[in-house]
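Engineer: Next up is a structure, given as structure tokens.
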Amino acid sequence: TIIAEVKTMSPFGFKANKSGLFLLEKVFNATDISWCGFKDLWIVEFYPLLAKSFPDAKFIIIVRDPRGAIASNVKAREKAPEKVPLLYSYARNWRKHVAFTKFFMKNPLFKDRLFVFRYEDFVTSPKKKTLELCKFLNVRYNPSMLDVSNFRPISGDSWNGWSNFTVP
């Protein structure tokens, strides 16, 4: 796994490599990776460093209505209570995520490099948001991008619609 690979690296190993793509290439046995993404709230804290280190990088922030996120966490707690953060901790993290988002939207370092959208807008209008995202990333839209059977978590298993969001 990626975590196992990171643990084997020297403290300077990651810095010595021009990008983290080598790690993905090694773990997934792929040699043609040109895009990399991470879907974690905490990663936004590193955006300024990443933006300075990778001047061509683009950044995406998804903001979710906290009520939906908390409902999802409550449901996930039923399956694995030890893996779900306390609601207070989650609320503080969400507030920090939104503060970073607002700050980055005004920061010249992210001019034309930041795409922010609401999770709920994506769920209710996936094609529209995907087209906007493709335009931002300068990639050609393909309808297969919306085919959830193509989605894979890092484990490689099939994606099972992890979200608890439902359209009203």
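The values are calculated or read from the model by the stated rules, or taken from the named source; none is laboratory data. Everything numeric here is computed off the predicted structure, so don't read it as measured data. Heads up: the accessible areas ignore ligands, DNA and RNA and are worked out on the full protein's heavy atoms, side chains in. Shrake-Rupley method; radii C 1.70, N 1.55, O 1.52, S 1.80 Å.
Engineer: Can you sort 72, 125, 149 by solvent-accessible area, 1.4 Å probe, largest first?
Structural biologist: Order by accessible area, largest first: 149, 125, 72.
Engineer: Residues with amide H under 5 Å of residue 61's amide H, sequence separation 5 or more or different chain, H placed in the peptide plane at 1.01 Å from N; which?
Structural biologist: Hits under the 5 Å cutoff: 115, 116, 117.
Engineer: Here's a follow-up. For segment 128-144, just list the computed ³J(HN,Hα) in residue order, Karplus coefficients 6.51, -1.76 and 1.60, θ = phi - 60°, integers in Hz, with x standing in for Gly and Pro.
Structural biologist: These are the phi-based 3J(HN,Hα) values: 4, 5, 5, 4, 5, 5, 4, 4, 4, 7, 6, 10, 6, 5, 9, x, 5 Hz.
Engineer: If the limit is 26 Å between Cα atoms, which of 96/128; 52/96; 75/102; 58/127 go over it?
Structural biologist: Distance filter (> 26 Å) returns 96/128; 75/102.
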